[in-house]
1. Just one of (1) 31; (2) 69; (3) 55 is percent of Cα pairs over 24 Å apart as worked out from the coordinates here. Which one is it?
2. To the nearest 500 deg cm²/dmol, what mean residue ellipticity at 222 nm is calculated for the chain from DSSP H runs of n ≥ 4 alone, each contributing -39,500 (n - 2.57), summed and divided by the residues?
3. If I fit a long axis through the Cα atoms of helix 69-81 and take the longest principal axis of the Cα atoms of the chain, what angle between them do I get, 0 to 90°, rounded to 10?
4. Given 0.36 nm per residue, what is the gain on full extension from residue 162 to residue 38 after removing their alpha carbon distance, in nm?
5. To the nearest 20 debye, what charge dipole does the range 1-129 have about its Cα centre, counting +1 at the Cβ of each Lys and Arg and -1 at the Cβ of each Asp and Glu?
6. Relative to the longest principal axis of the chain, what angle (0 to 90°, nearest 10) does the C-alpha long axis of helix 42-53 take?
7. Given a cut-off of under 8 Å on Cα pairs at least six residues apart, what relative contact order in percent is computed for the range 61-145?
8. Below 8 Å, C-alpha to C-alpha, sequence gap of six or more: please give me the relative contact order for the chain in percent.
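What follows is calculated from the coordinates using simple rules that are stated; it is not laboratory data. Owing to the predicted nature of the structure, the values given are computational and were not obtained by experimental measurement. Quick reminder, even Gly has a Cβ in these numbers, built from the backbone with ideal geometry, and neighbours come from all protein chains shown.
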Amino acid sequence: MSNSDTTPDSPPDAPPRPRVVQTPVAMDDCGMARATDLFGDRWTLLILREALYGVTRFEDLRADLGIPRAALSQRLDRMVAAGLLSRHPYREGASRTRHEYRMTDQGMEAVIVLVALMDWGDRFLRDDTPPIDVVESATGEKLSIALTTQDGRVVPLKDAKMNILRRRKT
């Protein structure tokens, strides 16, 4: 993917790409930068991963991740405020009321990011067979992440480019 017509795959006689000294989109106007602000730390992504697998209770999350209580509490509060998780009270027996954290529809939409990260990690950071495949529920056919047109046609990454719709104000 590129933002110009000359890419790293260009022939040797192609003119050099122009030097870019500033991104064309300001940080506060960029969806990638905004998402990175929310998902940019390890714990947030791992908590979302846990919720995807069905680990939803505070103590279970803490034990499974090995995350300090304060860090978990802070991340959960932020994820609830951002709309990724919803907080639900529960009580076991006579114990005090506690909370579990379930993925919202917005959180489920973020799963595509987790699957893309998992796929990249499995392809470039493993020497063995991955422990998980993402498959279609009805057929069991393995799924993959792809860029598609609005009508569903798959577009190879080398044929995609960034189309700047609103440039940074200078």
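1. (3)
2. Working: 6 runs with 61 residues, N = 170.
Estimated from H runs of four or more residues: -10500 deg cm²/dmol.
3. In the chain, helix 69-81 runs at an angle near 70 degrees to the longest axis.
4. Values: separation 124, 0.36 × 124 = 44.64 nm, distance 2.24 nm.
So the chain would gain 42.4 nm between residue 162 and residue 38.
5. 700 debye
6. Taking the Cα atoms of the chain, the angle to 42-53 is about 70 degrees.
7. 16 percent
8. 26 percent
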